[in-house]
Amino acid sequence: MTAADLQPLTLVLPKHKHRNAPWIEWTPVDTDGAEVGVLTVHGDRDVSEYLVSEFPADGGRGFALAKLVGGTDPEADGYDLFACGMAVPTCECKGFYTARHCKHSDAVAALILNKWL
């Protein structure tokens, strides 16, 4: 992996009726561990930054988003997501339980679709 490969990649996420289109930055991490990169989500109300790690999951892919900075839920340290095929990844955050999508699931879906994960 070269230094150019570690530059942040930027992408706009889908707009939903309850929020403007957030955008994300993805910075791959050059490591042999489970950590794969740093995800920054620029939303309406805040900027959140997560260390993303992939973990084994039956029937799909599992991702842990460990909160580094920001976030709209001060009680949460991070979120686990499950991705299976082309379905929207499921997230354990309050927003996903309410709306069946969230900025975390939208971001992970975009990262997978763009083959950044």
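Read-outs: derived from the displayed coordinates by stated rules, not from any lab. A quick note: this is a predicted structure, and the numbers were derived from the prediction, not measured. Cβ: placed from backbone, ideal geometry, glycine included. Neighbour counts: every protein chain shown.
Seen through its C-alpha gyration tensor, with square-root eigenvalues sorted a ≥ b ≥ c, the stretch 17-102 comes out oblate because a/c lies at 1.5 or above while a/b is not bigger than b/c.
Overall, the anisotropy analysis places the stretch 59-117 in the prolate class: the square-rooted eigenvalues a ≥ b ≥ c of its C-alpha gyration tensor yield a/c not less than 1.5, with a/b exceeding b/c. Placing pseudo-labels 7 Å out from each Cα toward the beta carbon at ASN114 and ARG45 gives an inter-label distance of 2.5 nm. Between THR98 and VAL29, the FRET efficiency from the beta-carbon distance, with R0 = 30 Å, is close to 0.45.
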